[in-house]
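Down below is the structure, laid out as structure tokens.
Nothing in this text is a laboratory measurement; each read-out follows from the coordinates by a stated rule. What you see is a predicted model; the values in this text were computed from it and never measured. Heads up, the Cβs are rebuilt from the backbone with ideal geometry, glycines too, and the neighbour counts pull from every protein chain shown.
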Amino acid sequence: MPLRVIFMGTPEFSVPTLRAIADAGHEIEAVYTQPPRAAGRRGLELTPSPVQREAERLGIEVRTPVSLKNEAEQQAFRALRADVAVVVAYGLLLPKPILEAPRLGCLNGHASLLPRWRGAAPIQRAIMAGDTETGMMVMRMEEGLDTGPVAMVEKCAIGPDMTAGELHDRLMRIGAALMAEALARMERDALTFTAQVTEGVTYAKKIDKAETRVDWTRPAGEVHDHIRGLSPFPGAWCETEIGGRLERLKLLRSTLSQGAGEPGGILDDRLTVACGSGAVRLVEVQRAGGRPIAAQEFLRGAKLEKGMKFS
């Protein structure tokens with residue numbers, strides 16, 4: 001028998017899971033998502049979230065509360081009489097009355113191999129730390145931060161040059177299929193849970209803009225992981241002088257390379273840059289106000305030469 005589901009999510013990452021639940025024939029009673037955000041140059045336009053746009057396309061009721069802590073919102077949530085709530089990158093804290101409202105609880109799709117990388121930015125943090133493997137998990141939510149028991153897991157390799165954007169897209173698809181299977185098992189009363197292990201807990205705190213600048217004094221492997229872990233958003237960056245003016249440059253793709261020199265120094269005409277030890281070759285960059293371009297195209301326009309520096 002189809003489940004009565006409340007879906008809670010906001011960014012593009014959540015959309016395939018919403019579609020998978022709808023395609024499976026479950027009754028989606030309502031979709032909760034973050035309120036529309038100001039956009040445009042002057043911030044005068046309100047842009048709905050990707051989840052809101054998809055829910056409206058599917059003809060599902062959309063709710064956009066700014067908080068779920070007040071009694072009125074909690075009563076409205078309970079009134080839906082859901083069997084289960086599915087939460088994927090929603091972005092709001094779920095208080096205890098919300099967690100306890102659905103008959104079968106709240107399931108969360110989380111993009112890491114818990115208990116590693118609990119928190120807001122597991123995809124970026126896994127790459128920035130040099131992890132070679134991550135995955136998606138379906139867990140039952142508790143009041144603690146990503147502490148609940150796990151029902152399903154699928155692992156995913158992280159390639160040596162894979163960016164956060166590429167991993168995001170892969171896990172997005174894995175997560176949708178995994179949640180659909182979890183609900184199918186729940187329908188059959190066959191979904192079981194296992195407590196998380198207590199060893200190896202790490203936290204994936206939200207990315208702070210202050211940490212996005214590249215530190216060329218670090219080893220090449222760490223610089224490379226920093227660049228790809230922040231690509232495409234918010235983007236690792238450095239500064240260099242172009243045409244007599246200091247300009248910020250976003251670094252989108254790199255690869256490990258050979259070479260040595262003063263950290264930040266350009267070593268050749270392939271945009272190989274020296275690090276604290278070793279070197280990285282920049283593959284794709286973006287100038288302020290410009291589009292992403294190949295490093296060779298950037299070199300032709302910027303006229304950077306061997307011996308010049310990034311800071």
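Scanning residues 5 or more positions from R218 or on other chains, those with amide H under 5 Å from its amide H are G276, with H placed 1.01 Å from N in the peptide plane. Using the Cβ-Cβ distance between I242 and R173 with R0 = 51 Å, the FRET efficiency computed as 1/(1 + (r/R0)^6) comes to roughly 0.85.
Using a Gaussian network for the chain with springs between C-alpha atoms less than 10 Å apart, which of these wobbles most: S112, S277, S254? Looking only at S112, S277, S254, the biggest GNM fluctuation is shown by S277. Calculated mean residue ellipticity, 222 nm, the chain: -7500 deg cm²/dmol, from DSSP H runs (n ≥ 4) at -39500 (n - 2.57) each, averaged per residue and rounded to 500.
Computed from backbone phi, the HN-Hα couplings of the stretch 154-171 come to 9, 7, 8, 6, 10, x, x, 10, 5, 8, 4, x, 5, 5, 3, 5, 5, 5 Hz, rounded to whole numbers (Karplus: 6.51 cos²θ - 1.76 cosθ + 1.60, θ = phi - 60°; Gly and Pro given as x). Computed over the alpha-carbon pairs of the stretch 196-279, the distance histogram in 10 Å steps reads 17, 44, 27, 9, 3, 0 percent, short to long. Applying 0.36 nm per residue to the separation of A190 and R213 and subtracting their alpha-carbon distance, the gain on full extension is 3.5 nm. Among D208, D225, D161, the largest mean-square fluctuation in a Gaussian network model of the chain (Cα springs under 10 Å) belongs to D208.
Annotation: amide H of I242 within the under-5 Å range of E247, sequence separation 5 or more or interchain, hydrogens built in the peptide plane. Measuring nothing but how far apart in sequence close Cα pairs (under 8 Å, 6+ apart) lie, relative to its length, the stretch 146-201 scores a relative contact order of 62 percent.
Normalised by the number of residues in the stretch 209-302, the mean separation of alpha-carbon contacts (under 8 Å, six or more apart) gives a relative contact order of 26 percent. With R₀ fixed at 51 Å, the C-beta to C-beta distance from T132 to L44 puts the FRET efficiency at about 0.65. Taking amide H as placed 1.01 Å from N in the peptide plane, the amide H of L113 sits under 5 Å from that of G135, each at least 5 places away or on another chain.
Given Cα pairs under 8 Å that are at least 6 residues apart, what percent is the relative contact order of the chain? Averaging sequence separation for qualifying contacts and normalising by length gives 13 percent for the chain. Shown in residue order for the stretch 216-221 are the 3J(HN,Hα) couplings computed by the Karplus curve 6.51 cos²θ - 1.76 cosθ + 1.60 at θ = phi - 60°: 5, 7, 6, x, 4, x Hz (x for Gly and Pro).
Annotation: lysines with alpha-carbon distance below 21 angstrom to K209 (same-chain offsets under eight excluded): K250.
Here the translational diffusion coefficient of the stretch 1-114 follows from Stokes-Einstein with Rh set to the Kirkwood radius across Cα pairs; for 25 °C and 0.890 mPa s it amounts to 169 µm²/s.
With semi-axes √(5λ) of the Cα gyration tensor in Å in mind, check [x] 45, 23, 20; [y] 42, 22, 16; [z] 27, 20, 20 and report the label derived from this structure. Answer label, from the structure shown: [y].
Cross-link reach is defined here as a Cα-Cα straight distance under 15 Å, omitting same-chain residues fewer than 8 places apart; for K205 the aspartates and glutamates meeting it are D146.
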